[in-house]
1. Quick check on my filter: what residues within the stretch 34-80 are within 30 Å of Glu23 (Cα to Cα) and either surrounded by 13 or more Cβ atoms within 10 Å (Cβ to Cβ) or of a type in the set (Gly, Ala, Ser) (or both)?
2. Which residues, counting only those in the stretch 30-87, are modelled with pLDDT of 85 or more and part of a loop (DSSP other than H, G, I, E, B)?
3. Looking at the structure I just gave you, is Met1 hydrophobic (A, V, I, L, M, F, W, C) and not in a helix (DSSP H, G or I)?
Amino acid sequence: MLSRNEQQQLRAIEQWFEVSDPELTRALREGRFHHLGLSRRLLCVTLMVLGGVLVGLGAVAAHVFLLFVGILSLTTGVCLRIGAIRP
């Protein structure tokens with residue numbers, strides 16, 4: 001359990017959030033979060049797996065183009081995933 005002082009601090013933080021970002025507060029209370037759609041999740045995973053495979057093949061074959069395309073694919077998949085997490 002939280003001490004009395006910790007409970008007061010938690011209430012102060014909650015009030016600060018209510019004032020500074022009421023939409024976030026409402027979304028957290030109602031449990032509404034922005035989730036990635038299934039198709040976007042599949043796209044991110046596909047890009048990351050494809051990128052990993054291409055980087056591996058490029059490293060084994062010492063082929064710069066495969067390495068470049070693989071790194072580009074990995075970066076795109078990660079950026080899409082990270083971009084979808086932010087509100």
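1. Leu36, Gly37, Ser39, Arg40, Arg41, Leu43, Cys44, Thr76, Gly77, Val78, Leu80, listed by residue number.
2. Of everything in the stretch 30-87, those that are modelled with pLDDT of 85 or more and part of a loop (DSSP other than H, G, I, E, B) turn out to be Ala62, His63.
3. Values: hydrophobic (A, V, I, L, M, F, W, C): yes; not in a helix (DSSP H, G or I): yes.
So Met1 passes the test.
The values are calculated or read from the model by the stated rules, or taken from the named source; none is laboratory data. On a predicted model such as this, the values are computed, not experimentally measured, just so you know. Neighbour counts are summed over all protein chains in view; Cβ atoms, including those assigned to glycine, are modelled from backbone coordinates with ideal geometry.
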